[in-house]
Every structure is written in C-alpha cells, then in structure tokens.
Amino acid sequence: MARLVRQQSLEPRIEYYGLCFQEEDDALSPALYPEGVTHGDGFVTACEGRVDIRSAGHTHTAAMMVEVWDGCPPLEERAREEVAVRAALEGPVRGVEQYTVRLWPTE
C-alpha cells in the first residue's frame, strides 16, 4: 500500500493562465516551461519532467494542496467544493521548482 511521504499547502502565483511544477534538473525535462505547454482534457496535465496547471483566471493567487506519495495513492471521496486531480513526475525526482510566465521583469 502506498504511503504519504509529504503534504504541503501552497499559494502559487498564476500568470498568463498557468504555472508548472518542473524537475529542478533542466536536463531531465525535454521542453522547459512555458515552451511545449500542453492542454489535456482537464486543468492539470502531466508531461515528461513537469506538471502543467491551467487556470480560468489570468493573474491571481491559487490555493492548493500538494502531496508526495511513494506509490499510487488510494482514491478518496472529496467534498463537492474540492477537486482532486492526479498527475505524477515519474522516476528519480531530486527536487521540484515552480515556474510561471512573468508579465514583467522582477527585481
């Protein structure tokens, strides 16, 4: 049975309708964000070396819970207001970084 390794509440900044979580070693991701952005059936899409997240809002702060499991997690029933989406970074992930498209340079 899979075991929950880590759970973290995040409030990432969304810019240009999206963000991604990407393997921190760029060499392991064939297409770096935002190049190669994919739009699957939902608002979360797993790609090689990263997970793309789309939003209906252009620029805002989102609230999400991210979980790390040592295997495939069990299915859970969620409250009607909650949405549970699964996407995975496969293989030996050393670390994950968050990327957004910047509207303007930051200092």
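List of remarks:
- Boolean, Arg86 is touching a Pro at 6+ places or on another chain (Cβ under 8 Å), at pLDDT below 75 and not polar (S, T, N, Q): yes
- Whichever residue in the range 51-74 is over 24 Å from Glu15 (Cβ atoms) and open to solvent by 90 Å² or more (accessible area, probe 1.4 Å) and, among such residues, is modelled with the lowest pLDDT: Cys72
- Selection status of Glu77, open to solvent by 70 Å² or more (accessible area, probe 1.4 Å), in a loop (DSSP other than H, G, I, E, B) and modelled with pLDDT under 70: yes
- Options Glu23, Glu11, Glu15, Glu35; residue that is farther than 18 Å from Ala88 by Cα and either in contact with a Cys (Cβ under 6 Å, 6 or more places away or on another chain) or open to solvent by less than 50 Å² (accessible area, probe 1.4 Å) (or both): Glu15
The values are calculated or read from the model by the stated rules, or taken from the named source; none is laboratory data. All of these numbers come straight from a predicted model, not from anything done at the bench. Note that each Cβ is placed from the backbone with ideal geometry, even for glycine, and that neighbours are counted across all protein chains shown. Heads up: the accessible areas ignore ligands, DNA and RNA and are worked out on the full protein's heavy atoms, side chains in. Shrake-Rupley method; radii C 1.70, N 1.55, O 1.52, S 1.80 Å.
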